[in-house]
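These notes concern the structure reproduced below.
The values are calculated or read from the model by the stated rules, or taken from the named source; none is laboratory data. Owing to the predicted nature of the structure, the values given are computational and were not obtained by experimental measurement. Neighbour counts are summed over all protein chains in view; Cβ atoms, including those assigned to glycine, are modelled from backbone coordinates with ideal geometry.
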Amino acid sequence: MPLTFNLIHRLKDINASQWNQLAGDHPLLRHEFLLALEETGCASPKTGWAPHYLLLHRGDALQGAMPLYMKSHSRGEYVFDYAWAQAFEQHGLAYYPKLLSAIPFTPVPGPRLLAATHADRVLLARKAIEITRDNGISSLHVLFPLPQDQQALKEAGFLFRENVQFHWFNQGYASLDDFLANFSQQKRKKIKQDRKKAIQAQVGFRWLQGDEIDDITLRFFYRCYHQTYMEHGNAPYLSLDFFMELRRTMPASMVIVLAEQGGEPIASALNIRSRNTLYGRYWGSVRFVSGLHFETCYMQAIEFCIANNIAVFEGGAQGEHKLSRGLLPVPTCSAHWIRDERYARAISDFLDRETSGVEAYINELQEHSPFKSSI
C-alpha cells in the first residue's frame with residue numbers, strides 16, 4: 001500500500017474513531033480532549049499553541065499520528081528550556097518558533113508516536129525531524145514519551161533529558177488503613193495527625209463522577225482553579241468553556257473531589273481517569289484549612305483509587321512533598337532534536353551532566369521513602 005504523510009491543522013478534520021484507536025486507553029490523548037483544547041481556544045495560534053497533526057496513511061487507512069504544536073514560547077510545558085532559548089538569542093539566533101509534541105498544559109507521560117508498530121513510530125519521528133529541518137525551525141521537542149516511543153526517538157536521533165515525577169502504585173490494598181500500615185510508624189503517625197486537622201475543622205469530602213458533576217459543581221471547581229493561578233500571579237491556561245466541553249464529551253473520565261465545610265464547598269480537585277490510572281490535574285480552594293491541599297489532592301485520590309481498583313495515581317509534575325504521602329519517584333524524560341549542530345553538541349554535553357544529577361536525586365529520594373524498610 002502507498003505510504004503518505006499529511007500535516008493537518010484542525011483536529012476536527014481527522015476521523016475521531018481512527019484517532020482514538022491509535023491513542024488507546026489514554027484519556028488525555030483522546031480526540032475529544034485535544035479537540036476541546038483547540039475548539040475553546042486554549043490551544044491555538046493566539047495562545048502560542050498552533051496545532052499541527054502529523055498523519056501516516058497506508059492507502060486510506062490511518063496507521064500513525066503525532067500531535068504537534070508550533071510554539072512561540074515555552075509556557076505550559078513543564079520541561080524548562082528557557083536557558084536554551086536565552087543562549088540562542090544571545091548569539092543572534094531565533095529559538096522560537098519551535099515544534100513540540102505534547103499534551104498542552106499537561107505533564108503526563110503517554111504515547112506521542114501513535115502507531116501500532118515500532119517501524120511506524122520511527123517513520124513518524126523521522127518525518128517530524130524532516131518537517132522541522134525543511135522549514136528552518138530551530139528544534140523539535142517530545143515531552144513525556146512512553147518507553148516504546150523513546151526507543152523509536154533514539155533510533156531517529158533525538159537527545160534525551162531526564163526528569164522525575166511522583167506516582168502512587170496500588171498493591172491490592174483493601175483500604176486506606178491497609179495502605180498506611182506499610183508506612184513506618186513515624187510517617188504513619190504524621191499522616192494521621194494531618195488528616196485529623198480536616199476532621200477537626202469539620203471538613204467532609206465527596207467524590208463526583210460523570211453525571212454527578214453538575215453546572216454548580218463545575219463552576220465552583222473552576223473558581224478554585226482560577227484562584228490558584230491568580231494567587232501565583234498568572235492567568236489560568238484553561239477556560240471554563242474547556243471544562244464544560246470536557247464534561248459534555250468525556251464525562252466518564254472526570255472525577256472531582258469536593259471538600260465541604262458545614263455543607264458549603266471550600267475546595268475542589270479535578271482528576272482525569274482511565275481504566276487503570278488516575279491523573280491528578282487541577283486544584284484550588286476558597287478557604288484555608290491546615291492540611292486541606294494534601295487531603296484533597298492526594299489522600300482522597302489514593303482512597304478513590306483503592307475503592308475503585310485503580311492501579312496507578314499520577315500526582316503531576318514535581319513535588320518532593322508527595323513522597324511523604326506514598327507517591328514514589330518515577331523517572332520521566334523528554335526528547336529533543338536541535339537543527340543547529342553546534343547547539344546540539346552543547347546541549348548534548350549539558351544533558352549528560354544533568355542526567356547524572358537526576359539519577360543521584362532519585363537515589364536520594366528513595367532513601368527517604370515513607371515505607372517500612374522491608375517494603
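Could you tell me whether any residue of region 296-309 is of a type in the set (S, T, N, Q) and under 21 Å from the mean Cα position of the chain (by Cα)? Scanning region 296-309 turns up at least one residue that is of a type in the set (S, T, N, Q) and under 21 Å from the mean Cα position of the chain (by Cα).
The residue list L292, L270 contains one member that is hydrophobic (A, V, I, L, M, F, W, C) and farther than 26 Å from F33 by Cα, which is L292. For region 46-73, the set of residues classified as in contact with a strand residue (DSSP E or B) (Cβ under 8 Å, 6 or more places away or on another chain), farther than 23 Å from A16 by Cα and either free of Cβ contacts under 8 Å to residues at least 24 places away in the same chain or surrounded by 21 or more Cβ atoms within 10 Å (Cβ to Cβ) (or both) consists of K71 only.
Listed here are the residues, each with its yes/no results for (1) modelled with pLDDT under 95; (2) closer than 30 Å to A311 by Cβ; (3) surrounded by 14 or more Cβ atoms within 10 Å (Cβ to Cβ).
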| site | (1), (2), (3) |
| --- | --- |
| I213 | no, yes, yes |
| T217 | no, yes, yes |
| H232 | yes, no, no |
| L240 | no, no, yes |
| G263 | yes, no, no |
| I266 | no, no, yes |
| T277 | no, yes, yes |
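For region 179-189, a tally of residues being more than 29 Å from the chain's Cα centre (by Cα) and either touching a residue at least 12 places away in the same chain (Cβ under 8 Å) or in a helix (DSSP H, G or I) (or both) returns 4. Residues of region 139-176 being surrounded by fewer than 22 Cβ atoms within 10 Å (Cβ to Cβ) and charged (D, E, K, R), which ones? Listed by number, the residues that qualify are K154, E155, R161, E162.
L238 passes every criterion in (1) under 17 Å from A43 (Cβ atoms); (2) not in a loop (DSSP other than H, G, I, E, B) apart from (2). Pick out the one residue from K46, K98 that is of a type in the set (D, E, K, R) and within 26 Å of W283 (Cα to Cα). When all the criteria are applied, what remains is K46.
When region 334-347 is filtered for residues that are under 25 Å from T106 (Cα atoms) and either assigned to a helix (DSSP H, G or I) or in contact with a Lys or Arg (Cβ under 6 Å, 6 or more places away or on another chain) (or both), the ones remaining, listed by number, are S334, I347. Criterion applied to L240, L246 was being closer than 23 Å to H26 by Cα, free of Cβ contacts under 8 Å to residues at least 24 places away in the same chain and of a type in the set (A, V, I, L, M, F, W, C), and the one residue passing it is L240.
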